[in-house]
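Q: My questions will all concern the structure given below.
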Amino acid sequence: MSALRIFVPCDAAARAVGADRVAATIRDEAARHGVEVEIVRTGSRGLFWLEPMVEIATPTGRIAFGCVTPNDVPGLFAGYSRFAASHPLCVGRPEEIPFLKRQTRITFARCGIVDPLSLDDYRAHDGLRGLERARSLGPAGTVAEVTTSGLRGRGGAGFPTGIKWKTVADAPADRKYIVCNADEGDSGTYADRMLLEGDPFVLIEGMIIAGLAVGAGKGYVYIRSEYPDAIRTFSKAVAVAEAAGLLGAAAGFEIEVRVGAGAYVCGEETSLLESLEGKRGQVRAKPPLPAHKGLFGQPTVINNLISLATVPAILADGAEAYAALGMGRSRGTMPIQLAGNVKHGGLFEAAFGLTLGEIVDEIGGGTASGRPVRAVQVGGPLGAYFPRALFDTAFDYEAFAALDGLIGHGGVVVFDDTVDMARQARFALEFCAIESCGKCTPCRIGSTRGTETMDKIIRGERVTDNLALITDLCQTLKFGSLCALGGFTPYPVMSAIKHFPEDFDRPRLVAAAE
Amino acid sequence: MPTAWNESRASEIIRRHEGREGPLLPILHDVQAEFGCIPAPAIPQIATALNLTRAEVHGVVSFYHDFREAPAGRHVLKLCRAEACQSMQGEALADQVLRHFGVAWGGTTPDGHLTVEATYCLGLCACAPSALLDGEPRGRLTTASIAALAEEIGR
């Protein structure tokens, strides 16, 4: 009899809730029962409320067990059949769990299924098909395919990826670079982390394709230091790909992993380039565009990790198939990340166009605390806070921009009715003050003055005057900053004031508290 | 455990990055991994090796939150203070930790046992509130699990 194959995620979030201890207990318990097991450490499927989620291979596919603790493991081995589907923790076939079944998994097709460091596993699950097709299409054909797919920057700016690639492809230079922005600093987002830990080869393949398309021989992946697991797994994957001849000088494309140093602003592309060059992560003025003068002054494709990791699937299955999904000018799928006070927190990859209400109430299942949903912040610390009244907004770049918000990197953070929106507005300004690179005066000084002014509002001092001051300051930040940090900090601040005015009615609130 | 400052060891680290483009951050990370911080004498040494001014190197060291002037405690607890963790009462739990160990944000206990730092997102937002203890992820923190964590850290 062959060994029982058991899949336990090694994703950092699964490890954070005990996946390592579960894996160790499974190993011990199997030995005690004399059962031969093969434990495969996968990435996460992204159903985090069920983590640690353990799956076993059966002749008819995998069966999953949710929220497994080490104490549950002996029970899973007890009885006549191991890991019986009748066990109370059994959630059935993972693909049939509604949260997963409703998704359109393209970028995350393999995440949580494969062994992240097995190139054979990657190939067996359709890996490297995109690269093959790119090689047959040639550079111009590959760029055209990416353009046709309608793929836009998944970091938040939403710039068409194909056009960026074309600009770099057309720029004459001896050296060009591919830079992957894996400085995923937005609270509520973890898609980059999941792929780095769960399917690193898809990023490697995407970067090789990008290199081929624009004529670049070197790629950098800039991963934030807050992601130690991702750095470890991705670095190993690069070594595996080098050993297999996929990467390296002989293969014509090299990848170097670089680690950030705790600066949120380095997620901004020009600041990231400065950081790679070994400088302070200060924003550069544009033009020149990185596509013309990027890393070390050379033409550079700088893309978000999700954009690059989506390219292999686009090439493999054709641009039309990808472009057929989505709405308006937002084509394809977006990995939406449900986070914070949400019942079913996890990664939900779907075509653009779901409404915010569907995402939060139906898919997310409301709050984890069981209290009413009051506010939702979309797109990280620079994203707007939305009230329930705007839950009919469609998840789409333009629809969010029209409401003075952004979809950013796809993070959705849910808050229940205990949230104090004046404090959230204050935090947005404080965060800007902590993370400002210092180049622009409105951001460097305005963020600190804004935080102080919000403190006065929270204390109930001259609230009307101070709110007017905040509004004026936000105008200055919005129009006087070089990058999104200063430019978009007004979104969470002004949306909180606009949609939740009652939380800024401080004299009454202060009086009520006393 | 970080080793004491050693100039020739620092030279070895710098040499390891020879030929690399833009090597300053990788060098600083390695120096900090070795010595637990960026020791003051490392700055002129790195500056000379990379043909930079001391001010330029100092400017980079002081820009990034990760680089320290003095070593942290034996254990480092990074607590997430970003929005997703706020939505799950992370601030109240953080207060509990700070009170328990009698430190402020960024502070180290007088015996050098523990440093508690704020971090803004660990990407564990669907298992909030979250933390990193000596680089190991912890999620779904509660009053009870924070107490257990404090016990584990000791003192």
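The values are calculated or read from the model by the stated rules, or taken from the named source; none is laboratory data. The model shown is predicted, which means the values in this text are computed figures rather than measured ones. So basically every Cβ, Gly included, is an ideal-geometry build from the backbone, and we count neighbours across all protein chains shown. In case anyone asks, the SASA skips ligands and DNA or RNA and just uses the protein heavy atoms, side chains included. Shrake-Rupley method; radii C 1.70, N 1.55, O 1.52, S 1.80 Å.
Q: Out of A:Arg5, A:Arg82, report the one residue that is away from every other protein chain (no Cβ under 14 Å), on the phi < 0 side of the Ramachandran plot, part of a strand (DSSP E or B) and in contact with a strand residue (DSSP E or B) (Cβ under 7 Å, 6 or more places away or on another chain).
A: Result of the check over A:Arg5, A:Arg82: A:Arg5.
Q: Another question, then. Under the condition of being aliphatic (A, V, I, L, M) and in a helix (DSSP H, G or I), which residue from the stretch A:18-65 is surrounded by the most Cβ atoms within 10 Å (Cβ to Cβ)?
A: Across the stretch A:18-65, the extreme among qualifying residues is A:Val22.
Q: Next question, about the same structure. Return yes or no: is A:Arg110 open to solvent by 10 Å² or more (accessible area, probe 1.4 Å), of a type outside the set (A, V, I, L, M) and in a loop (DSSP other than H, G, I, E, B)?
A: Considered against the rule, which asks whether it is open to solvent by 10 Å² or more (accessible area, probe 1.4 Å), of a type outside the set (A, V, I, L, M) and in a loop (DSSP other than H, G, I, E, B), A:Arg110 comes out as yes.
Q: Moving on to the next point. Would you mind telling me which numbered condition in (1) away from every other protein chain (no Cβ under 14 Å); (2) in contact with a Gly (Cβ under 6 Å, 6 or more places away or on another chain); (3) modelled with pLDDT of 95 or more; (4) within 30 Å of A:Tyr385 (Cβ to Cβ) A:Arg154 fails?
A: Only one criterion in (1) away from every other protein chain (no Cβ under 14 Å); (2) in contact with a Gly (Cβ under 6 Å, 6 or more places away or on another chain); (3) modelled with pLDDT of 95 or more; (4) within 30 Å of A:Tyr385 (Cβ to Cβ) is unmet by A:Arg154, namely (2).
Q: If you take the residues in the stretch A:85-124 that are at pLDDT 95 or above and hydroxyl-bearing (Ser, Thr, Tyr), which one is nearest to the chain's Cα centre (by Cα)?
A: A:Thr107
Q: Does A:Thr310 satisfy the condition of being in a helix (DSSP H, G or I), in contact with a Cys (Cβ under 9 Å, 6 or more places away or on another chain) and within 30 Å of A:Arg175 (Cα to Cα)?
A: no
Q: Please verify whether the stretch B:75-87 includes one or more residues that are touching a strand residue (DSSP E or B) at 6+ places or on another chain (Cβ under 7 Å), in contact (Cβ under 8 Å) with a residue 60 or more places away in the chain and of a type outside the set (A, V, I, L, M).
A: Looking for residues that are touching a strand residue (DSSP E or B) at 6+ places or on another chain (Cβ under 7 Å), in contact (Cβ under 8 Å) with a residue 60 or more places away in the chain and of a type outside the set (A, V, I, L, M), one finds at least one in the stretch B:75-87, hence yes.
Q: Do any residues in the stretch A:256-282 that are aromatic (Phe, Trp, Tyr) have Cβ atoms under 6 Å from those of residues that are outside any helix (DSSP H, G or I), where the two are at least six apart or on different chains, and which pairs are they?
A: Hits for this filter: A:Tyr264/A:Gly185.
Q: Would you check if B:Asp30 is in a helix (DSSP H, G or I), of a type in the set (D, E, K, R) and either out of contact with any Asp or Glu (no Cβ under 8 Å at 6 or more places or on another chain) or buried (at least 18 other Cβ atoms within 10 Å of the Cβ) (or both)?
A: Taking the combined requirement at face value, the residue satisfies it.
Q: Which one is farthest from the other protein chains (Cβ to nearest Cβ) among residues in the stretch A:8-17 that are open to solvent by 10 Å² or more (accessible area, probe 1.4 Å) and in contact (Cβ under 8 Å) with a residue 40 or more places away in the chain?
A: Residue satisfying both the conditions and the ranking: A:Cys10.
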